[in-house]
Structure formats: structure tokens, C-alpha cells
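The values are calculated or read from the model by the stated rules, or taken from the named source; none is laboratory data. Here the structure is a predicted model, which means the values were calculated and not measured. Neighbour counts are summed over all protein chains in view; Cβ atoms, including those assigned to glycine, are modelled from backbone coordinates with ideal geometry. What goes into the accessible areas is simple: the full protein's heavy atoms, side chains included, and nothing from ligands, DNA or RNA. Shrake-Rupley method; radii C 1.70, N 1.55, O 1.52, S 1.80 Å.
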Amino acid sequence: MSESIIEPQIEARPEVHLAVVRDTVAFERIPELYHRAYPAIFGALAAANITPAAAPMGVMHGAPTAAGLDLSVAVPLSEPFAHADDTVSAETLPAARTATLLLRGDYNGLAAGYERLNAWILDQGETSAGISWEQYLTEPAPDGDPALNETLLGVQLTAV
């Protein structure tokens, strides 16, 4: 991702209901999880006649371990998802003070974006609550310019 001129900020974020496919996955297998999860989620939403409330997300629970990253591929909804099955389940992100950073560019720069945001959080004297997320504000097109991607990163903070 290209360096964003937008500075991180702390904002109060509301509770967010999600339909998710959650798995612990090695970093190199993350794209496979997304490719498997989104068709399942959008299929379940269509079957239940539910419209997404916002752009899709990836939600990370805790820090990576030797087993990989605890990741929820997620679609925000206006109310709790009551149509869970063996693949798609419900999750809710709690309302929280959240540090955010808007990034523009290719997804290869996400790790650097998180590094920048986490360093900024420490500089502010804040502490992560163990949940971070990325929201894909633009839908990449197969023939599109990756430099135009916009992704909002968020790290929930502990209460003060």
C-alpha cells in the first residue's frame, strides 16, 4: 500500500453484527480462506434474503500463534445473523474505542499499515484490546488498478 497522508485517529465505533467464516489459518493460506468464505457468506445471506450493511471485513482475534492467525472473514449486517449453519456463523464486534488508519493501494502493504498503526497506538499511550480488523472499502476489479484500493484498518483499544 502506498503511504497514506491520512493520520491515524481514535474514534468511538458502534457494535457491529457480522456473518462470518472463522478459521485459524497460516499467513500464506489467508487468500484461500477468503476465496472459500465469501461465496459461503454471500450465499447464506442471499438464502436468508439479507442485505449487507457495510463493506466486507477481515477480523483478527488476538495475536498470531504458531498455528496461524485466528481470522473471521466477515460481512457486516444491521442485526444479529440468525441463520448460522456449519460454515457461516454469527459474530458481533463490541462497541469500542478504536484506532483507525485509512490505507490506499495494493493489499501487499497491509502488514506495513498495521505496523504503522500499532506503533502510533503505543506512541499515544494506548493498548490494543486484542481485536483488529480491516474493512475493504473498494471492491478490487480483476483488471483494476490496485493503487486505487482503499482499506480501513482498525484496532480496538482497552478502556481507559
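Taking amide H as placed 1.01 Å from N in the peptide plane, the amide H of Arg13 sits under 5 Å from that of Ala96, Arg97, Thr98, each at least 5 places away or on another chain.
In this label model, Thr158 and Asn108 are separated by 3.7 nm, measuring between points 7 Å along each Cα→Cβ vector. Each label point was placed 7 Å from the Cα along the Cα-to-Cβ direction; for Tyr136 and Leu148 their separation is 1.6 nm.
Accessible surface for the chain, divided over its residues, is 54 Å² per residue with a 1.4 Å probe.
What is the ratio of the Cα radius of gyration of the chain to 2.2 N^0.38 Å, with N the residue count, to two decimals? If you can, show how the numbers build up before the last one.
Numbers: Rg = 15.5 Å, N = 160, 2.2 N^0.38 = 15.1 Å.
For the chain, the normalised Cα radius of gyration comes out at 1.02.
What percentage of the solvent-accessible surface of segment 74-160, computed with a 1.4 Å probe over protein heavy atoms, is contributed by carbon and sulfur atoms? Intermediate values should be presented prior to the final figure.
Details: 2390 of 4530 Å².
After summing per-atom areas, the C and S share lands at 53 percent.
Normalising by the residue count of the chain, find the relative contact order in percent from Cα pairs under 8 Å and 6+ residues apart. The normalised contact order for the chain reaches 31 percent. On full extension, the segment bounded by Ala90 and Glu7 gains 26.7 nm, given 0.36 nm per residue less the C-alpha separation.
If you take all other residues with their beta carbon under 14 Å from the beta carbon of Ala84, and give Lys and Arg +1 and Asp and Glu -1, the sum is -3.
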